[in-house]
1. Just to be sure I understand, how many residues within region 135-158 are without any contact (Cβ under 8 Å) to a residue 40 or more places away in the chain and either surrounded by fewer than 22 Cβ atoms within 10 Å (Cβ to Cβ) or under 13 Å from Pro122 (Cα atoms) (or both)?
2. Within 27 Å of Lys110 (Cα to Cα) and surrounded by 15 or more Cβ atoms within 10 Å (Cβ to Cβ) - does that describe any residue in region 190-197?
3. In region 169-189, which residues are surrounded by fewer than 23 Cβ atoms within 10 Å (Cβ to Cβ) and closer than 16 Å to Val218 by Cβ?
4. Considering only region 69-90, how many residues are among the hydroxyl-bearing types (Ser, Thr, Tyr) and closer than 18 Å to Val123 by Cα?
5. Limited to region 62-82, what total is found for residues that are surrounded by fewer than 21 Cβ atoms within 10 Å (Cβ to Cβ) and within 15 Å of the chain's Cα centre (by Cα)?
6. Give the number of residues within region 211-226 that are among the hydroxyl-bearing types (Ser, Thr, Tyr) and either closer than 12 Å to Asn174 by Cβ or touching an Asp or Glu at 6+ places or on another chain (Cβ under 7 Å) (or both).
7. Let me spell it out: the conditions are (1) more than 19 Å from Ile139 (Cβ to Cβ); (2) in contact with a Leu (Cβ under 9 Å, 6 or more places away or on another chain), and Ala63 meets all of them except one. Which number is the exception?
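Bear in mind that the values in this text are calculations on the coordinates, not laboratory data. Just so it is clear, the structure is predicted and the values come from calculations on it, not from any experiment. Cβ placement follows ideal geometry from the backbone for every residue including glycine, while neighbour counts extend to all protein chains displayed.
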Amino acid sequence: MSLQAEPAQSAHPHPFADDNEPYEQQQRREALWNPEQHGGVPSKAHRHIHIDWPNASIKKTIAIGASAPEASPPVYDRPRHEDETANASSCVLITKSSPINATVHILREKRPESASAPDSKPVLISAKTGSLGSISLSIPSYSGARPLDIRAKSYNGNITVFLPTSFAGMLKWNSETGTLKVSPAMQQRFKLLDPQPHKHRGTAKIASSIASGMRGDVCTISNHHGSITIKEFGEGEGKASSGDGGKSCVIQ
């Protein structure tokens, strides 16, 4: 009596896998959960990435860059026209009520062959979720001349953003009940600009820890309820942790 081996199955099947799903769609979903990486950085980078998952969490390591090729067809969802036209490169992540945990690598931009100066379009990194979704957004490093435009928005969840050491610009935050926590490393770079500090909203200047001058970066964070934490990438191993050891400063 001969035995036939069962087809091999993935040890970690996608939670929303569907046997009737088209092959192309399966590949896109698998790419989201099983990215090909080399040394922690995805092997492929794209100029614009857009992921809109209403009913699933996003946990992803992504690489983007202004010199990276356009993805055709899109790797995940089709980027919005306004994001493509207003930004040199972009990564936009959206969920309806699920957590977002993303690390976004920004590749070095190639110098143009012509003598003309490059345009000043920014690099956009945006994470948005509603309901009870929390956000952990990490940007390991950035050495480009273009300004960064970093956005994180949640209705009812905690937000933690890990900024690169080169971040140089403005931080704007707003919350109905939450407060802003600034890590020890960021406290050295942080300067409140509000003449009358407010517990739940404000504006601050963050200087680069590796260079002088301001690049014009902007980081905008908002939620209704939940904490807002700003850290330098590398603190807490570049990801949200269960605690900050009591060392973070709460802006009153």
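1. Qualifying residue count for the region: 2.
2. no
3. Once the filter is applied, which keeps residues that are surrounded by fewer than 23 Cβ atoms within 10 Å (Cβ to Cβ) and closer than 16 Å to Val218 by Cβ, region 169-189 yields Gly169, Met170, Lys172, Asn174, Arg189.
4. 3
5. Residues that pass the stated criteria total 2.
6. Number satisfying all stated conditions: 2.
7. Here Ala63 meets the rest and fails (1).
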